[in-house]
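A short write-up of the structure that comes next.
The values are calculated or read from the model by the stated rules, or taken from the named source; none is laboratory data. As the structure is a prediction and not an experimental result, all values here were calculated from the model. Here the Cβ positions follow ideal geometry from the backbone for every residue, glycine too, while neighbour counts run over all protein chains shown.
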Amino acid sequence: MNCITFSWHDGRQDARIEEPGERVRGLGRLLDLPRRLYVMLAASEFVLLACSLYAAAGLRYLNNPAAAEAYVGPLLPRALAFAAVLTLALGAVGLYQAHSRETLQGQFIRAVLAFALGGVGLIVLYYLWPSQYVGRGILVLALAIGIGLVGLSRLTFARMVSQEVLKRRVLVLGAGRKAALLTERLRRRSDRRGFQLLGFVPMRGEAVAVPAGLVVPLGERLAETVRRLAVDELVIGPEDRRDVLPMEDLVECRLAGTRVIDLINFIEREIGAIKFSLMSPAWVLYASGFDGGGMERPLKRGFDLLVSLLALLPALPLMLLTALAIVLESGPRQPVFYTQERVGQGGRVFRVIKFRSMRPDAEKDGVARWASKSDDRVTRVGRVIRKLRLDELPQIFNVLRGEMSWVGPRPERPQFVAELARQIPYYELRHCVKPGITGWAQLRYPYGSSVQDAEEKLKFDLYYVKHHGLLFDFSILLQTVEVVLFGKGAR
């Protein structure tokens, strides 16, 4: 069986096929290469973060050299403490994890969260260890410089290190029709950015349905093949699991650190959506996720209140300007806001608050209609505020009242919900969580105006319902900022 080896020439990585047994020691070093690279990255970022505190102190006392000279003396332990807390925070959000699926954008989002967590950690540290206190001005400057240096570090790392080396090496057990779903569902290059498919291992009595070039014949114990090919993840996808899986080898691989995952969960994770054809009541009952108990709800509520209070200050001037623009266009006697019934968590109906972006008589006949592209009911001001998402700002008050969350499925009108629930299976599962001002489906799928669009968006909504959490919410909020800035998906 052939295997792939890598070599480096003038900063460029080359790959070639070698016969088994050739350069075994070189392959052994390759197995640990991603982890070693991330250890080096962590060490370099620790140094950069320590230097950022020195740079902040220098800028803070730029016009006062005497004060700077007196202050720099004890700065080394403070710089080391500053760097240690932030490096731990970066590690806690998964930025030093080998074989990460994150893009550069995703890494930046996680870095912002890490610096927010690290800032809180530093405040606690200074309270418990007052001698390490550096002052608010220097701390803010150091955090700003630090996140810039970490961003440059990640850009440099991405340019210098081949992404193929950092991808998870995936081997699929099974080569039948079920296993072939992987190549069918993950056709786009973006769906495969986090892993390298090594091939499919046919199971006993299974008709091969994958391309012949991807078949990996098992001529030895599975555990030996996994070690020889440096497999990071085993995907279980045979047609029938009964008496065909090498359970002892799978346990050995799992205990040796190789991740083992079901094919359906693997596809779901990679595309960020749930496939209806793979769902069943039993799957919903036993699947991991769909958990809103414990501390999840109070933590999410606290997050919503905090973000709402922080957002109100910059939002109020924008809201006043938006209201003034609506009055100038439509006249002082026309309503600035409009409220409309929407379905919230648990199927409860509430009234959502928005800036009016359509004519007051948009639904004078009382019939609910989907918004469409180039809808002639939208006013001139409405087109602008919809593109900039300013019409959504009053929903902050819905969040403060506990009717909505910042992140969640889009709230729909009762008439649409009744229609969609009849036509789309599992549609009402989206009401397990509060609806949101923004959400995973809004980011991943354009504005929908039909039952087919609603079905496609539901795949992303259910993925969010299954996997929602504070880190996921924070990531969605930061990605929404990009959507607002570039006007993607607005209607």
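Odds and ends about this structure:
- Answer from G194, G205, G219 - the residue that is in contact (Cβ under 8 Å) with a residue 40 or more places away in the chain, more than 16 Å from E268 (Cα to Cα) and of a type in the set (G, A, S): G219
- In the condition set (1) in the same structural domain as Q105 (by TED's automatic domain parsing); (2) outside any helix (DSSP H, G or I); (3) among the β-branched types (V, I, T), V124 is compliant with all but (2).
- The test for being surrounded by fewer than 19 Cβ atoms within 10 Å (Cβ to Cβ), within 30 Å of V481 (Cα to Cα), of a type in the set (A, V, I, L, M, F, W, C) and modelled with pLDDT of 80 or more holds for A116.
- The residues of the range 337-355 that are under 11 Å from P394 (Cα atoms) and either among the hydrophobic types (A, V, I, L, M, F, W, C) or not assigned by TED's automatic domain parsing to the domain that holds T480 (or both), listed by number, are F337, V352, I353, F355.
- Residues satisfying the stated conditions in the range 430-465, i.e. of a type in the set (S, T, Y) and closer than 24 Å to I267 by Cβ: Y445, Y463, Y464
- Residue identified as at pLDDT 75 or above, outside any helix (DSSP H, G or I) and either exposed (fewer than 11 other Cβ atoms within 10 Å of the Cβ) or not aromatic (F, W, Y) (or both) among L62, L53: L62
- Failed item, numbered, when A371 is tested on (1) assigned to a helix (DSSP H, G or I); (2) modelled with pLDDT under 90: (1)
- Extreme residue, nearest to F46 (Cα to Cα), among residues of the range 112-137 that are more than 31 Å from the chain's Cα centre (by Cα) and aliphatic (A, V, I, L, M): V134
Every residue, every condition in (1) loosely packed, with under 13 Cβ neighbours inside 10 Å; (2) farther than 26 Å from L48 by Cβ, yes or no:
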site	(1), (2)
W129	yes, no
G135	no, no
L143	no, no
I147	no, no
T156	yes, no
R159	yes, no
R168	no, yes
A175	no, yes
R187	yes, yes
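- If only residues of the range 185-226 that are among the acidic types (D, E) and part of a loop (DSSP other than H, G, I, E, B) are counted, the one that is nearest to E252 (Cα to Cα) is E220.
- In this entry, R348 passes the filter for residues that are out of contact with any Leu (no Cβ under 7 Å at 6 or more places or on another chain), closer than 30 Å to Y426 by Cα and modelled with pLDDT of 85 or more.
- Helices (runs of 4 or more DSSP H) lying entirely in the range 407-485 (those with 1 or more residues that are among the basic types (K, R), more than 24 Å from V307 (Cβ to Cβ) and within 17 Å of the chain's Cα centre (by Cα)): 451-467
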